Structures are given as C-alpha cells and as structure tokens.
Amino acid sequence: MPLTPPSRALTGPRRRSLLATAAGAALLAGCSDGSDSESTGRSPSAAERARARAARESRGLVERYDAVLAAHPALAERLAPLRAEVVRHAEAFGGARQASPRATETSPSASPSVSPPVAVPGNEKDALAELAAAERSLADRRTRALLDVPGELARLLASVAAAGAAHAYLLTEGAK
C-alpha cells in the first residue's frame, strides 16, 4: 500500500513561495531602469498613462500607511519597512519621493490636490486588515494591467504586484 501524505487544506500561500516571489520581485525591480522606448510621441502613450496611474496609486497607498501610522503609532516598527517599499514603488513608476509621515505633517507646502483623509479603524487588527485589503486590491489591479503595457513596464508592474501580495500576506497571515 503506497504511503500518502496527510491531506490538509491550504489556507494561503506557502512561506517558500512567498520568499521566492519576494526574491524574484526584488531581482526584477533591480533590472528596471525606469524608461520605456515606446514613449516618443507628444501625447501620453498607454505606457506613460499606466506608469502615471501606478505612481499615483502607490502614493495613495503611502497615504493609507501614513493614516494607519498616525492612528496607531505602536505599529510603526512593523509598518515602516512596508511603507518604505511602497515609497520606492512610487519612485520606480516616476512618482516624486514621499517624505516621512512626520515631515509631511509639518510641511507648510502641502499640495492643493491632497486627497481627503483616510478613515482608519479604531483597533489595530482591523486597521491592518484594511491596509492588507488595499495592498491586495492594488496588486490585483496591477496584475490585470500587465497585458496592456509593454515589456519593461509589465515586468515592473509584475514585480510590484508580487511585492504588494507579499505585503498583504505579512499584514494579515504573517502576524499569526
């Protein structure tokens, strides 16, 4: 009689696959020079629009991290590395460098197009769950956008989407 391994339901990605995904994402992000040769016309190309949208979405995610950090300062040590990665994602897509949360609070030169404040749940667990949902949703949108953009930008989107999925895992499952 052959020996069969015990069956168990998979509740999420395996640790090995997350590490491989994160490592692959880091390698792919390091390969990108941030330029696309397809953007030579006067009107923005589909790639330029996708890049601008991705930068804007990453900056919006940084704002979510900042709101959670402002509401729950005890999460700073846990969220700081993830927030820093999201800032780097925005920069990779051509977005301006975001200052630290403390610097943006005291900066007198706030942009006139500042989005409304993000509502943050009162307890840390729910705040982390909402942040994870935002990361997951953005990673899913970026994955769907892969078919509509040229090679280098598609690789960057895939890399950042993989990192976002890993962030979502770390924000929820990784804490258990």
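Odds and ends about this structure:
- With each label modelled as a point 7 angstrom along the Cα→C-beta vector, the K125-S137 pair spans 2.2 nm.
- The HN-Hα couplings worked out from phi for the stretch 136-153 by the Karplus form 6.51 cos²θ - 1.76 cosθ + 1.60 (θ = phi - 60°) are 5, 4, 5, 4, 5, 4, 5, 5, 5, 6, 4, 6, 9, 10, x, x, 5, 5 Hz, whole numbers, x standing for Gly and Pro.
- Given a 1.4 Å probe and the protein chains as shown, E57 ends up with an accessible area of around 50 Å².
- In order along the stretch 45-51, the Karplus-derived 3J(HN,Hα) couplings, from 6.51 cos²θ - 1.76 cosθ + 1.60 at θ = phi - 60°, round to 6, 4, 5, 5, 5, 5, 5 Hz, and Gly and Pro are given as x.
- Take the Cα of E77, step 7 Å toward its Cβ, do the same at A52, and the gap between the two points is 4.3 nm.
- Once all protein chains are placed together, H89 keeps about 20 Å² accessible to a 1.4 angstrom probe.
The values are calculated or read from the model by the stated rules, or taken from the named source; none is laboratory data. Predicted, not measured: the structure shown is a model, and the values here were computed from it. As a convention, Cβ positions derive from the backbone with ideal geometry for all residues, glycine included, and neighbour counts pool all protein chains shown. The area values use the complete protein model at the heavy-atom level, side chains included, leaving out ligands, DNA and RNA. Shrake-Rupley method; radii C 1.70, N 1.55, O 1.52, S 1.80 Å.
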